[in-house]
Amino acid sequence: MSAAAVDAVNAAPLSGSKEMSLEEPKKMTREDWRKKKELEEQRKLGNAPAEVDEEGKDINPHIPQYISSVPWYIDPSKRPTLKHQRPQPEKQKQYSSSGEWYKRGVKERPRRVGAKFTGTNIAPDEHVQPQLTFDYDGKRDRWNGYNPEEHMKIVEEYAKVDLAKRTLKAQKLQEELASGKLVEQANSPKHQWGEEEPNSQTEKDHNSEDEDEDKYADDIDMPGQNFDSKRRITVRNLRIREDIAKYLRNLDPNSAYYDPKTRAMRENPYANAGKNPDEVSYAGDNFVRYTGDTISMAQTQLFAWEAYDKGSEVHLQADPTKLELLYKSFKVKKEDFKEQQKESILEKYGGQEHLDTPPAELLLAQTEDYVEYSRHGTVIKGQERAVACSKYEEDVKIHNHTHIWGSYWKEGRWGYKCCHSFFKYSYCTGEAGKETANSEECVINDLTGEESMKKPQTLMEMHQEKLKEDKKKKKKKKKKHRKSSSDSDDEEKKHEKLKKALNAEEARLLHVKEIMQIDERKRPYNSIYETREPTEEEMEAYRMKRQRPDDPMASFLGQ
């Protein structure tokens with residue numbers, strides 16, 4: 001076949017089909033391109049109307065061109081559209097609707113061998129179950145296929161049973177009234193006082209039916225009431241007379257606000273009455289929030305939040321012990337910082353003498369506290385002087401002692417004045433104990449409780465102790481000298497190692513400079529990397545030889 005024939009065959013479907021015109025778009029001139037760009041800018045600024053697709057919807061001019069432009073092989077009409085970006089209907093999967101479900105209650109005929117294989121008992125299917133395909137929500141819809149009529153059948157069945165029970169109960173009551181048993185029971189004194197127990201089977205049946213009928217209503221008590229269904233007695237749980245309502249504590253409309261919905265009064269109703277919150281029986285609901293460990297708990301929580309914002313992984317509920325220790329150390333450091341700041345200010349500006357002055361009450365010998373005295377000097381009205389109290393028992397003499405513990409002091413120890421004994425719970429020895437304590441010097445070891453007696457030493461013993469002390473001092477001096485000499489040797493060795501490391505660092509820098517001038521494709525493998533860990537001398541040499549281009553003196557130092 002010739003080349004002209006091949007061209008004719010290839011061109012035949014293109015020329016014959018008017019619907020499929022796969023011609024490439026022609027190039028635009030510079031003038032057309034400039035006009036197109038100007039129109040796009042005007043559309044983005046809102047000065048020109050936006051493009052409209054085939055459905056009459058506006059196309060956002062800010063959509064990029066690679067999204068809004070239609071490929072030439074899809075839509076040859078070159079109309080502005082975004083249909084090519086939307087899901088195509090022929091490619092969309094069709095799902096079943098939410099109302100469709102399988103038919104329930106269809107009985108299938110079980111067979112050992114199917115009829116299509118045996119050819120016997122051929123019959124059409126009663127019902128063909130549909131093949132349902134649901135989307136993500138349809139598969140997880142628990143109420144899909146639910147029939148409310150099935151529940152109504154259950155309700156109707158229970159309604160019929162309840163109606164039958166009520167009818168049977170009414171018949172039994174009619175029979176009892178006709179026989180006269182119910183009238184006799186009502187007139188009996190025990191029945192009137194609620195003391196009669198159900199003896200007959202009919203009475204028990206009535207009680208059981210009442211319980212079944214009202215078993216849900218009896219469990220629910222009204223607010224302030226307790227209803228006993230067996231004794232038919234209603235008990236009201238009223239508050240006691242001494243219990244005052246919150247809104248009656250202060251009738252001033254400008255006092256604490258009472259919220260009737262939550263029955264809360266947060267502020268103190270006696271705030272304007274001049275009463276101390278500790279003296280009144282009720283100081284508001286907020287009083288509980290500021291008592292006990294509530295304030296410290298809130299401060300700890302606030303510290304945890306601030307510490308977490310600054311990078312500390314602490315939490316009040318997750319790790320309370322760690323947070324408590326951290327908060328304690330923070331408070332100690334804060335107090336130390338304030339003290340240092342105070343000392344630095346006083347050292348710089350002075351004024352310590354003004355802080356050490358006694359209070360104004362001592363300087364002026366007068367206060368603003370009003371005290372009224374009688375002609376004899378006793379206080380009639382005003383603040384009385386508080387009596388200093390001790391947590392220890394006073395004037396209690398035990399074990400035959402005539403003086404209390406702490407009445408005698410000697411060489412940093414407390415004791416009894418009556419016998420000069422330093423043991424707190426010892427028995428009193430009187431004058432004999434004093435003579436023994438004065439004749440001998442007893443030293444008590446607090447840890448072991450042992451007693452050692454110090455006897456007077458002779459001149460020979462004192463001389464020997466002095467010689468021993470001199471020997472110990474000489475040994476200490478020799479040790480210090482040896483240590484200083486070894487330290488000087490170590491410094492010389494470190495200095496030599498540092499010199500070697502500096503020379504090695506200079507050689508390394510020259511080697512790196514030479515390698516960096518070579519093309520990276522011709523460099524040896526791992527020529528700039530080092531696998532071993534550097535020593536301390538090498539790190540020191542690196543720091544000394546490191547270039548610092550940001551240093552203003554780098555040009556003068558040759559760096």
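For the stretch 314-327, the condition holds for no residue, the condition being that it is open to solvent by 90 Å² or more (accessible area, probe 1.4 Å) and within 30 Å of Asn268 (Cβ to Cβ). Note on the stretch 318-369: enclosed helices (runs of 4 or more DSSP H) holding 1 or more residues that are touching a helix residue (DSSP H, G or I) at 6+ places or on another chain (Cβ under 9 Å) are 320-349, 352-355. Within the stretch 60-96, the set of residues being in a loop (DSSP other than H, G, I, E, B) and either within 15 Å of Glu40 (Cα to Cα) or of a type in the set (Asp, Glu) (or both) comprises Asn60, Pro61, His62, Ile63, Pro64, Ser69, Asp75, Pro80.
Does Tyr416 meet the test of being open to solvent by less than 100 Å² (accessible area, probe 1.4 Å), over 30 Å from Glu536 (Cβ atoms), at pLDDT 75 or above and of a type in the set (Ser, Thr, Tyr)? Against the criterion (open to solvent by less than 100 Å² (accessible area, probe 1.4 Å), over 30 Å from Glu536 (Cβ atoms), at pLDDT 75 or above and of a type in the set (Ser, Thr, Tyr)), Tyr416 qualifies. Any residue in the stretch 131-143 that is of a type in the set (Gly, Ala, Ser), surrounded by 10 or more Cβ atoms within 10 Å (Cβ to Cβ) and more than 53 Å from the chain's Cα centre (by Cα)? No, the stretch 131-143 contains no residue that is of a type in the set (Gly, Ala, Ser), surrounded by 10 or more Cβ atoms within 10 Å (Cβ to Cβ) and more than 53 Å from the chain's Cα centre (by Cα).
A quick yes/no check of all residues on (1) loosely packed, with under 10 Cβ neighbours inside 10 Å; (2) in contact with a strand residue (DSSP E or B) (Cβ under 7 Å, 6 or more places away or on another chain); (3) under 30 Å from Leu302 (Cβ atoms):
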{"site": "Phe337", "(1), (2), (3)": "no, no, yes"}
{"site": "Thr367", "(1), (2), (3)": "no, no, no"}
{"site": "Glu394", "(1), (2), (3)": "yes, no, no"}
{"site": "Lys397", "(1), (2), (3)": "no, no, no"}
{"site": "Gly406", "(1), (2), (3)": "no, yes, no"}
{"site": "Tyr425", "(1), (2), (3)": "yes, no, no"}
{"site": "Glu431", "(1), (2), (3)": "no, no, no"}
{"site": "Thr436", "(1), (2), (3)": "no, no, no"}
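Screening Glu150 against (1) more than 30 Å from Lys26 (Cβ to Cβ); (2) open to solvent by 100 Å² or more (accessible area, probe 1.4 Å); (3) free of Cβ contacts under 8 Å to residues at least 12 places away in the same chain leaves a single unmet condition, (2).
Any chance the stretch 115-130 includes a residue that's in a loop (DSSP other than H, G, I, E, B), modelled with pLDDT of 85 or more and surrounded by 10 or more Cβ atoms within 10 Å (Cβ to Cβ)?
yes
The set of residues from the stretch 242-258 being touching a strand residue (DSSP E or B) at 6+ places or on another chain (Cβ under 9 Å) and outside any loop (DSSP other than H, G, I, E, B) comprises just one member, Lys246.
Take the stretch 281-303 and flag every residue that is part of a loop (DSSP other than H, G, I, E, B) and either open to solvent by 40 Å² or more (accessible area, probe 1.4 Å) or aliphatic (A, V, I, L, M) (or both). Don't jump to the end; show me each part of the working.
Initially, the stretch 281-303 is screened for residues part of a loop (DSSP other than H, G, I, E, B), giving 281-284, 291-293.
Ser281, Ala283, Thr291, Gly292, Asp293, listed by residue number.
Against the criterion of being aliphatic (A, V, I, L, M) and either modelled with pLDDT under 85 or over 50 Å from the mean Cα position of the chain (by Cα) (or both), Ile398 qualifies.
Within the stretch 462-469, is there a residue that is open to solvent by 90 Å² or more (accessible area, probe 1.4 Å), modelled with pLDDT under 80 and part of a loop (DSSP other than H, G, I, E, B)? Looking through the stretch 462-469, none of the residues is open to solvent by 90 Å² or more (accessible area, probe 1.4 Å), modelled with pLDDT under 80 and part of a loop (DSSP other than H, G, I, E, B).
The values are calculated or read from the model by the stated rules, or taken from the named source; none is laboratory data. Source: prediction; values computed, not measured. In this analysis, Cβ positions are derived from the backbone assuming ideal geometry, glycine residues included, and neighbour counts consider all displayed protein chains. We work out accessible area using only protein heavy atoms, side chains counted, and drop any ligands, DNA or RNA first. Shrake-Rupley method; radii C 1.70, N 1.55, O 1.52, S 1.80 Å.
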